[in-house]
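Peer 1: Okay, here's the structure, questions in a sec.
Read the figures in this text as sums done on the coordinates, not as results from a lab. Everything numeric here is computed off the predicted structure, so don't read it as measured data.
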Amino acid sequence: MDVVVFSVLMLARQHDRFSTCFDPIPISFSGEAQGVGTLYDISYGGCKVESGTLPPIGASVTLRLRVAQAEQPLVIQAGAVAWTAPKKYFGVKFITLQPHEERALSRYLDSLNQAFLTPPGEQPEPS
């Protein structure tokens, strides 16, 4: 039985997930729910947010996260709350990404991937 459940969960993940737990990213959200939190995991398909405010499942949210000091915040307008963990986390599925949102997200995920692949003590290559 556990093998079947594991297989189903593995099929559900469509995108590689990048953890930001070692460098948490501040995030704000608005829409059907409003608040602030910390981004811990992100992929092309969605993200995990820690927050004291837990929006209801299905709530539409717009996310704003600052991924680099010099850049404007990355804004993802079409997100929907996919799951919640009581008093702690919620997951957002990116419903649609505008071309500029997709480019910004791609740059950010590429930088996380590059940092992950760079050996400790070395500088990642500029993207």
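Peer 1: Check Gly46: other-chain or 5+ apart residues with amide H under 5 Å from its amide H, H built from backbone geometry?
Peer 2: Phe94
Peer 1: Now a separate question. Amide H to amide H, which residues 5 or more places from Gly31 or on other chains are under 5 Å from it, using H placed in the peptide plane?
Peer 2: Here the answer is Thr62, since their amide H atoms fall under 5 Å of that of Gly31.
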